[in-house]
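Just so you know, all these numbers are worked out from the coordinates, no wet-lab data involved. Nothing here was measured: the structure is a model prediction, and the numbers come from that model. Note that we place each Cβ from the backbone using ideal geometry, even for glycine, and neighbour counts take in every protein chain shown.
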Amino acid sequence: MNNPLPIITEITLTPITPRDGLVAFASLTFNECLRLNDIAVHTDIKNGGFRLCYPAKEIFTGKKINLFYPINKETGKILTEVVSAELEKLINSNIKKN
């Protein structure tokens with residue numbers, strides 16, 4: 001089966017007052033038909049830049065299950081790069097305004 005790669009058609013960033021490295025939340029829309037919300041954007045102290053943390057839910061046993069996440073490193077890296085670039089643009093536009 002030859003499936004085309006999903007295309008990110010919209011990125012929404014919600015900056016927050018930084019807390020414990022958390023600086024924003026991201027939402028990604030793919031092919032204008034799938035939206036993933038509540039992706040936490042943290043500063044990446046170890047490598048510089050930002051890192052993404054995907055939402056999880058605690059079930060009745062106390063175990064946390066991931067709601068969604070990239071299933072390979074390449075996809076995770078691409079998503080991190082795209083969100084990081086958008087956040088950098090937002091930060092730079094706010095700096096220019098001040």
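Cross-link partners among lysines for Lys89, C-alpha distance below 26 Å, same-chain residues fewer than 8 apart left out? Within reach: Lys46, Lys73, Lys77, Lys97. Restricting to DSSP loop positions (anything but H, G, I, E, B) with no more than 13 other Cβ atoms inside 10 Å of their own Cβ, which trypsin sites (Lys or Arg not before Pro) remain in segment 41-96? Passing both the DSSP loop test and the Cβ count: Lys46, Lys63.
Let me make sure I get this right: for segment 8-97, a, b and c are the square roots of the gyration tensor eigenvalues over alpha carbons, sorted descending. Under 1.5 in a/c it's rounded, otherwise prolate if a/b > b/c, else oblate. Which is it? Note, shape of segment 8-97 comes out prolate.
Under the criterion of Cα pairs below 8 Å and six or more residues apart, the relative contact order for segment 7-51 equals 32 percent. Taking θ as phi - 60° and the Karplus parameters 6.51, -1.76 and 1.60, the scalar couplings of segment 25-41 work out to 10, 10, 10, 10, 10, 10, 6, 6, 9, 9, 10, 10, 10, 6, 8, 6, 10 Hz in sequence order, x denoting glycine and proline.
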